[in-house]
1. Along Cα→Cβ, 7 Å out, is where each label goes; now give me the distance between the ones at residue 341 and residue 295 in nm to one decimal.
2. Would the chain count as rounded, prolate or oblate if I go by the C-alpha gyration tensor, calling it rounded below 1.5 in a/c and otherwise prolate when a/b exceeds b/c, oblate otherwise?
3. So, in nm, how far is label residue 245 from label residue 266 when the simple model puts each one 7 Å beyond its Cα toward the Cβ?
4. From the Cα gyration tensor of segment 1-133, with a ≥ b ≥ c the square roots of its eigenvalues, which class applies: rounded if a/c is under 1.5, or else prolate if a/b is larger than b/c, or else oblate?
5. How would 197, 120 line up from fewest to most surrounding beta-carbon atoms within 10 angstrom?
6. Quote the FRET efficiency, to the nearest 0.05, computed for residue 56 versus residue 34 with a Förster distance R0 of 25 Å and r equal to the Cβ-Cβ distance.
7. Can you classify segment 209-354 as rounded, prolate or oblate using the Cα gyration tensor, where a ≥ b ≥ c are the square roots of its eigenvalues, rounded means a/c under 1.5, and otherwise it's prolate if a/b beats b/c and oblate if not?
8. Pairwise over distinct Cα atoms, reciprocal of the mean inverse distance: report the Kirkwood radius of segment 100-208 in Å, one decimal place.
Ligand code: PEP
Ligand code: MN
């Protein structure tokens with residue numbers, strides 16, 4: 001949380017332009033409609049303000065102004081990620097299970113879609129082993145421009161087919177808003193990756209998508225927990241702006257860059273513990289990108305569940321050594337099945353009960 005404590009007033013408008021009455025009400029709160037360091041506009045229908053004072057009377061007055069749809073007061077240190085003002089559980093219900101419910105949920109699949117057989121084979125195996133969602137990239141955020149960038153739009157059709165065949169909801173990353181719009185018909189959860197966690201304009205727009213598609217937000221590998229939570233706040237502001245009642249947001253710890261080179265990134269269990277305290281949002285862990293090595297994935301996965309993660313995001317490939325992307329960290333089918341048995345044991349069930 002930033003050092004400056006300020007309470008926040010969110011004003012949702014019915015129309016894109018504040019009417020004179022709305023402007024007057026804002027002035028009541030000590031806010032004009034001219035650009036000011038005390039308020040900020042998100043999209044066309046949401047104002048966020050942090051006035052010195054916002055008495056119950058002043059807020060009631062703003063609420064009663066025609067053209068104001070909703071006023072949300074986040075007092076003191078409260079933020080949308082610390083207290084969802086519209087109530088209800090932040091657990092995210094998918095067709096197959098819940099992220100943030102009593103049981104951890106495993107999302108698994110290839111880093112990157114290569115061809116139909118690779119996807120369908122992997123999807124069938126992870127479904128059979130007990131994964132409740134399929135992950136697979138078609139728009140890849142590659143560090144080098146001279147590496148495979150994913151099948152793009154063509155791959156979305158295959159993702160939709162895999163969903164149809166297995167019944168698994170699909171998670172895929174999109175790098176910009178246009179890609180997200182293309183993906184909305186084919187997938188169930190939009191992943192915003194580590195490299196885009198700092199793109200606040202994208203975070204807000206994705207959160208404000210009219211279909212309210214759930215978002216899986218990965219921690220930037222150079223981001224602090226505070227920065228991660230502020231990134232989450234942008235998505236949640238999008239939800240408020242789009243009049244969505246549910247946060248529809250999963251956070252994912254995937255390791256940060258440190259001096260340690262033994263693992264690809266350093267999985268930050270302290271952050272996981274802190275996030276569990278500081279936000280109502282479900283938090284999952286990606287042991288694959290953190291480890292960077294397949295043999296380190298299962299122990300990190302088990303540790304994450306023991307530390308209270310709401311789920312896992314795991315890369316699986318029919319032949320990891322031949323994968324077009326992130327092969328070193330990909331689990332083969334047998335190793336993934338064994339991990340799922342351990343997951344079942346950890347949660348006190350038997351693998352037969354999956
Ligand atoms: C991924 O999940 O495939 C990915 C690219 O992850 P990250 O954004 O965490 O690097
Ligand atoms: Mn990957």
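1. 2.0 nm
2. Working: a/c = 2.14, a/b = 1.91, b/c = 1.12.
Verdict is prolate for the chain.
3. Going by the 7 Å Cα→Cβ label model, 4.4 nm.
4. Working: a/c = 3.14, a/b = 2.58, b/c = 1.21.
Verdict is prolate for segment 1-133.
5. Values: 197 25, 120 15.
In increasing order of surrounding Cβ atoms, one gets 120, 197.
6. Working: r = 26 Å, r/R0 = 1.05.
Here the calculated transfer efficiency is 0.45.
7. prolate
8. Working: mean 1/r = 0.0699 Å⁻¹.
Its Kirkwood hydrodynamic radius stands at 14.3 Å.
Where a number appears in this text, it was derived from the coordinates with a stated rule and is not lab data. Keep in mind that this is a model prediction, so the values were computed, not measured. Neighbour counts run over all protein chains shown; Cβ positions are idealised from the backbone, glycine included.
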